[in-house]
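Heads up: the structure comes next, in structure tokens.
Each reported figure results from applying straightforward, stated rules to the coordinates on display, with no laboratory input. If you're wondering where the values come from, they're calculated on a predicted model, not measured in any experiment.
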């Protein structure tokens with residue numbers, strides 16, 4: 001077998017000679033001497049065991065074997081360069097997949113803005129978005145099924161980094177014409193007689209139950225009906241006058257016909273959200289996203305490890 005241990009530059013010179021038609025043209029384009037280019041291509045030919053070019057006074061002409069070799073070599077070089085660029089981008093975190101768990105709407109707000117900005121900066125990084133509960137989010141991170149979970153009211157979790165990022169105000173969605181629809185804000189005490197619509201499913205009604213349980217502790221329990229729909233369809237039911245619903249501010253960026261959003265609480269009621277990931281997760285895209293999230297945080301406090 002021929003000795004094919006060679007400098008890739010020699011192969012590059014041969015491909016350029018085939019394209020430009022002469023050693024002199026290649027030498028001039030690379031700011032090298034004609035002798036250097038010819039000598040290196042000749043060394044390549046000796047190692048391959050066949051002649052790539054016929055040389056004459058008019059230039060360099062591919063032999064039949066040389067034409068086949070250069071055709072295949074160009075494809076190989078292109079593949080190699082793509083592999084190098086891909087590896088470099090992977091090392092920089094510019095490619096890869098991030099598995100993310102969310103509990104809020106992505107129609108607008110801090111999280112939507114963060115993911116949009118990250119995608120604009122790293123368009124080759126793919127997102128796999130999963131709707132979660134707090135429990136499934138923590139479990140998913142700890143077991144490695146999720147790279148990152150955005151969870152409400154989260155403090156220290158063993159083995160995890162927790163970064164407090166943003167807050168969302170709690171609102172009441174009411175149908176137009178509702179007796180509270182003209183109010184600028186409402187209090188919890190005003191809501192005891194209301195019929196609350198609550199979604200179910202994976203992300204489910206965790207936040208709704210949390211607030212409605214608090215309301216029940218201080219007085220009569222409100223009427224609650226659970227619907228096997230997502231938050232968007234639940235708001236459509238509100239618009240049709242079927243009841244009222246609790247929403248966070250991120251859900252208010254989509255248009256919902258016949259629905260008004262009223263802030264709850266005096267003082268205002270907020271839910272805080274944090275990013276949670278394994279401390280030992282070495283994913284570079286994850287590190288880049290966490291850094292970008294921390295740079296855009298809207299609440300105080302750094303990471304808890």
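With distances taken between every two different alpha-carbon atoms, the chain has a Kirkwood hydrodynamic radius of 24.1 Å. Quote the relative contact order of the chain in percent (integer), defining contacts as alpha-carbon pairs under 8 Å separated by 6+ residues. Relative contact order, the chain: 23 percent.
Which length gain, in nm to one decimal place, applies between residue 255 and residue 294 when the Cα-Cα distance is subtracted from 0.36 nm times their residue separation? Gain on extension, residue 255 to residue 294, equals 11.1 nm. Note on the chain: helix-only mean residue ellipticity at 222 nm, from DSSP H runs of 4+ residues weighted -39500 (n - 2.57) and normalised by residue number, equals -12500 deg cm²/dmol.
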